[in-house]
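Novice: Right, I'll just put the structure down here and ask away after.
The values are calculated or read from the model by the stated rules, or taken from the named source; none is laboratory data. Only a predicted model underlies this, so the values are computations on that prediction, with no experimental measurement involved. Because the Cβ atoms are built from the backbone with ideal geometry, glycine has one as well, and the counts that use them run over all protein chains shown.
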Amino acid sequence: RMNEQVDPPAVLYIEDDLANRTLVKRILEAEGYRVLEADNGIEGLELARRERPALIFVDISMPDMDGYQVATQLRQMDEVRGAPIVALTANVMKGDREKSLAAGCTDYIQKPLDVDLLPVKVADLLGL
């Protein structure tokens with residue numbers, strides 16, 4: 001569990017499924033993170049630009065703009081240049097991980113989420 005900081009790291013989760021967003025928010029807020037939510041890629045890009053999150057989770061399978069497109073655009077934004085981008089996805093076919101990394105993701109986590117592993121992974125990615 002992270003020490004309570006004056007300004008906890010913000011984590012942005014771009015995901016069209018409310019149940020998944022709610023789960024991740026509950027897990028990470030319990031660890032002291034500030035969780036920002038976007039239910040589509042365009043909203044996620046706007047939030048990233050405005051809030052400059054320390055870490056970004058992106059779902060791969062979303063309508064309109066998929067997670068690969070979102071990750072590629074995030075990688076081009078100065079506001080989040082150093083932030084880890086993690087694909088959270090049920091896409092677990094051969095090549096999906098590589099495709100996520102090629103799009104600019106730092107890491108790849110399969111759904112269903114391991115609720116015990118998620119906070120450990122976030123802390124590792126943020127160097128906490």
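Novice: Only one of (1) under 11 Å from residue 13 (Cβ atoms); (2) in contact with a Phe, Trp or Tyr (Cβ under 8 Å, 6 or more places away or on another chain) fails for residue 60. Which number is that?
Specialist: (1)
Novice: For a quick check of your reading of the model, give me the residue pairs whose first member lies in segment 51-72 and is closer than 18 Å to residue 125 by Cβ and polar (S, T, N, Q), whose second is surrounded by fewer than 24 Cβ atoms within 10 Å (Cβ to Cβ) and modelled with pLDDT under 95, with beta-carbon atoms closer than 7 Å and at least 6 apart or on different chains.
Specialist: Filtered contacts from segment 51-72: no entries.
Novice: Restricting to segment 108-122, what's the tally of residues that are within 13 Å of the chain's Cα centre (by Cα) and among the hydrophobic types (A, V, I, L, M, F, W, C)?
Specialist: Counting residues in segment 108-122 that are within 13 Å of the chain's Cα centre (by Cα) and among the hydrophobic types (A, V, I, L, M, F, W, C) gives 4.
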